[in-house]
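Taking it in order: structure first as structure tokens, then the write-up.
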Amino acid sequence: MDTQAVVEWFDAHERPLPWREPGTSAWGVLLSEVMSQQTPVARVAPQWEEWMRRWPTPQDLAAASKADVLRAWGKLGYPRRALRLWECAKEIGEGEVPGDVDKLLALPGIGEYTARAVACFHFGHNVPVVDTNVRRVYARAEEGRFLAPPPAKRELAQVEALLPEENGPRFSAALMELGALVCTAKNPDCAACPIKSTCAWQLAGCPEPSEEETARAKKRVQKFTGTDRQVRGLLLDVLRATPHPVEQSALDAVWPDAAQRSRAQASLLEDGLMDVNDEGLFHLPH
DNA sequence: AAAGCGTGGGC
DNA sequence: TGCCCAAGCTT
């Protein structure tokens, strides 16, 4: 892969995301990465600014209540991430965000991607960073397949083999950005691609994915309407909206199917996203 | 290791 | 409209 061409394209097309400003702390980068897990970057930016204003350090977040943290999370989705961030802050204690992949991996809610992103983008370590964008670009440019195969351990070594010795982190960011802006999942803008001339998928004549690959991709997309996830979201909406604990009846009003409603409510209690007080009223955790 | 976990925008 | 997708992690 022409890493130079990818970086030059990035130099010209990089989005001005707030956490890319020089001087952003390790905590700021970690926060941006967690917020961006499965949530579009455009929706993350304002939320990130708000969090950094309220809780600029892990010590600040650790001192906040979980209820405040969950309300500030707003509608970014997957609110367990907010709880994990709060736990991260508690674990860091009076210390600092670690720069080693292994130590980052040990933090709650930090997996293979996020650990490497922080180590690479903040600390400048030249480690492979593999997210859905990188997987897709690699599949197309290197393997000639339109759809990336299911995530596998193998990818780390494959992407590591691409890393230039100089400016590795810059290239890693560029590769992700290329996947986000040009080599997109649905309608890639190949005319704007800096590595079109060497892209394996282009050289193979832009083959359509097989029936099997298409079926696998389709299966990956989860239902939402009518699932427990939707009900959990509706229940949490009630708790986020009111400053005081609510009666069971207020929760019952959001969904007609009682069995599903109780199941969703029980799972929220189990996850620590909901709590009951001694009067039997429900609220966000303290 | 497959499945669960939110939410909203684009087409 | 309904489907597809989005800087994944956990169990």
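The values are calculated or read from the model by the stated rules, or taken from the named source; none is laboratory data. Note that the coordinates shown come from a computational prediction; the quantities given were computed from them, not determined experimentally. Heads up, the Cβs are rebuilt from the backbone with ideal geometry, glycines too, and the neighbour counts pull from every protein chain shown. Accessible surface areas use protein heavy atoms only, side chains included; no ligands, DNA or RNA. Shrake-Rupley method; radii C 1.70, N 1.55, O 1.52, S 1.80 Å.
Counting just the Cα atoms, what span does region A:126-186 cover along each of its three principal axes? Round to the nearest Å and put the largest first.
Cα spread of region A:126-186 along its principal axes, largest to smallest: 31, 25, 16 Å.
Work out the charge dipole of region A:219-286 with +1 on the Cβ of Lys and Arg and -1 on the Cβ of Asp and Glu about the Cα centre, then indicate which of A:VAL221, A:PRO245, A:PHE282 is farthest towards its positive end.
Selected residue: A:VAL221.
About the Cα centre of region A:228-283, how large is the charge dipole given +1 on each Lys and Arg Cβ and -1 on each Asp and Glu Cβ? Please answer in debye to the nearest 20.
Rounded to the nearest 20 debye, it is 240 debye.
Could you check which residue among A:VAL118, A:VAL246, A:VAL129 shows the biggest mean-square fluctuation in a GNM of chain A with a 10 Å Cα cutoff?
Maximum fluctuation in the GNM of chain A, among the listed residues, is at A:VAL246.
Take the Cβ-Cβ distance between A:ALA250 and A:ASN277 as r, set R0 to 22 Å, and report the resulting FRET efficiency rounded to the nearest 0.05.
Taking R0 as 22 Å, the efficiency between A:ALA250 and A:ASN277 is 0.95.
Cα atoms only: what Rg and Dmax, in Å, come out for chain A?
Calculated on Cα positions, Rg and Dmax stand at 21.3, 68 Å.
Just need the Rg to Rh number for region A:1-108, please, alpha carbons only, Kirkwood Rh.
Value, to two decimals: 1.01.
Which ³J(HN,Hα) values, rounded to whole Hz and listed in residue order, are derived for region A:177-185 from phi using the Karplus coefficients 6.51, -1.76 and 1.60 in 6.51 cos²θ - 1.76 cosθ + 1.60 with θ = phi - 60°, glycine and proline given as x?
So the J values, rounded to whole Hz, are 5, 4, x, 6, 10, 10, 8, 7, 5.
Express the accessible area of region A:55-145 per residue in Å², computed with a 1.4 Å probe while the remaining protein chains stay in the model.
41 Å²
Assuming 0.36 nm per residue, please report the length gained on full extension of the stretch A:LYS223 to A:HIS13 beyond their Cα-Cα distance.
Fully extending the segment from A:LYS223 to A:HIS13 adds 72.2 nm.
Can you compute the label reach from A:THR184? Point 7 Å from Cα along the Cβ direction, backbone N cut-off under 13 Å, restricted to region A:40-71.
Those under the cut-off are A:41-42.
Students sometimes get this wrong: rank A:ASP102, A:ASP271, A:ASP131 by accessible area, probe 1.4 Å, all chains present, largest first.
A:ASP102, A:ASP271, A:ASP131
With all protein chains present, how much of the accessible area of chain A (probe radius 1.4 Å) comes from carbon and sulfur, to the nearest whole percent?
Answer for chain A is 52 percent, counting heavy atoms of protein chains only.
Please identify every one of the trypsin sites (Lys or Arg not before Pro) in region A:182-286 that sits in a loop by DSSP and has no more than 13 other beta carbons within 10 Å of its own beta carbon.
Those satisfying the criteria are A:LYS186, A:LYS223.
Considering only protein heavy atoms, with the full assembly of protein chains and a 1.4 angstrom probe, order A:GLU247, A:GLU155, A:GLU142 by accessible area, largest first.
In descending accessible area the options line up as A:GLU247, A:GLU142, A:GLU155.
Past 23 Å, Cα to Cα, is the threshold; run A:LYS153/A:LYS186; A:LYS186/A:LYS218; A:LYS90/A:LYS153; A:LYS75/A:LYS223; A:LYS75/A:LYS103; A:LYS186/A:LYS223 against it and keep the listed order.
Over 23 Å apart, Cα to Cα: A:LYS153/A:LYS186; A:LYS90/A:LYS153; A:LYS75/A:LYS103.
Please list 3J(HN,Hα) in residue order for region A:129-134, calculated via the Karplus relation 6.51 cos²θ - 1.76 cosθ + 1.60 where θ = phi - 60°; whole Hz, with x for glycine and proline.
3J(HN,Hα) across region A:129-134, in whole Hz: 10, 10, 10, 5, 5, 5.
Along the charge dipole of region A:3-122, Cβ charges K/R +1 and D/E -1, which of A:PRO98, A:ALA63, A:PRO22 sits furthest on the positive end?
Of the candidates, A:ALA63 comes out farthest on the positive side.
Which of A:PHE123, A:PHE224, A:PHE171 moves most in a GNM of chain A, Cα contacts under 10 Å?
Answer for the Gaussian network model of chain A: A:PHE224.
Would you kindly state how much longer the chain becomes between A:LEU156 and A:LEU269 on full extension, computed as 0.36 nm times their sequence separation minus their alpha carbon distance, in nm to one decimal?
Gain in length upon complete extension: 37.0 nm.
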